[in-house]
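The values are calculated or read from the model by the stated rules, or taken from the named source; none is laboratory data. Source: prediction; values computed, not measured. A quick note on method: Cβ atoms are made from the backbone with ideal geometry, for glycine too, and the neighbour counts reach across all protein chains shown. Accessible surface is based on the protein model in full, side chains and every heavy atom, while ligands, DNA and RNA are left aside. Shrake-Rupley method; radii C 1.70, N 1.55, O 1.52, S 1.80 Å.
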Amino acid sequence: MKDPSSNISTVLKRVRFERGLTLEDTSNLTGVSKAMLGQIERGESNPTISILWKISTGLRISFSELLSSETKDYEPISLDDLEPVYESDGKMMLYDVFPFNPISGFEYFYIKLLPGANHVSTPHENSINEYIVVTKGTLLLTVDNERFELKAPSALAFKANVEHSYSNPYDTEVIFQNIVKY
């Protein structure tokens, strides 16, 4: 399977050049430093999920567009074949199962949180809602300073334009599905 970081570099460069943006312009839009953007474009840095969200939000492109790879219609997807994005010191694994599709208007992530994982997500200004479905363990979800303990099987929908965090303070793995609607 292709490493998603190589696609991030290609997409970032393509979007910048299509829009006539300098690294400084892109930095101002995304809140990511020019140095970091340059490193990402050169493939010298593997950005965190937080940095990817800042880039996608600032450039008004979907998160999955930065990670996407081509798939055929009706082709089964094995999560074992997908390369996850790691966060929270390797304790969070995000699999971009169904990248953003402008017809459906959503993207779908499969996320694993190992014990001790904690990920703070900045507001997604380019998305409408997030839908969380916990299928294993207990997820501690904080949305705009309100805490929810979601024990499998459970779900919650919320506006994605506020700060939110996912954490697993427990001793067992948490698995949840995350749908982002644009």
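What part of the accessible area of region 7-131, given as a whole %, is carbon or sulfur when the probe is 1.4 angstrom? Write out the running numbers ahead of the final one.
On the way: 3290 of 6520 Å².
The value for region 7-131 is 50 percent carbon and sulfur by accessible area.
Within the assembled protein chains, the solvent-accessible surface assigned to residue 131 is about 90 Å², based on a 1.4 Å probe.
Where does the chain land on Rg(C-alpha)/(2.2 N^0.38 Å)?
1.01
A DSSP coil position with no more than 15 other Cβ atoms inside 10 Å describes the following GluC sites (Glu not before Pro) in region 3-66: 44.
Could you sort 171, 25 by their accessible area in this structure, using a 1.4 Å probe and putting the largest first? Write out the running numbers ahead of the final one.
Working: 171 145, 25 60 Å².
Correct descending sequence by accessible area is 171, 25.
Relative protection proxy for 117-125, 76-84, 49-57, from highest mean packing down: 49-57, 117-125, 76-84 (other beta-carbon atoms within 10 angstrom). Just name one of 135, 157, 115: the one whose Cα is farthest towards the positive end of the charge dipole of region 35-182 (beta-carbon charges, Lys/Arg +1, Asp/Glu -1). The residue sitting farthest along the positive end of the dipole is 157. Based on protein heavy atoms only, the chain ends up with 53 Å² per residue of surface accessible to a 1.4 Å probe.
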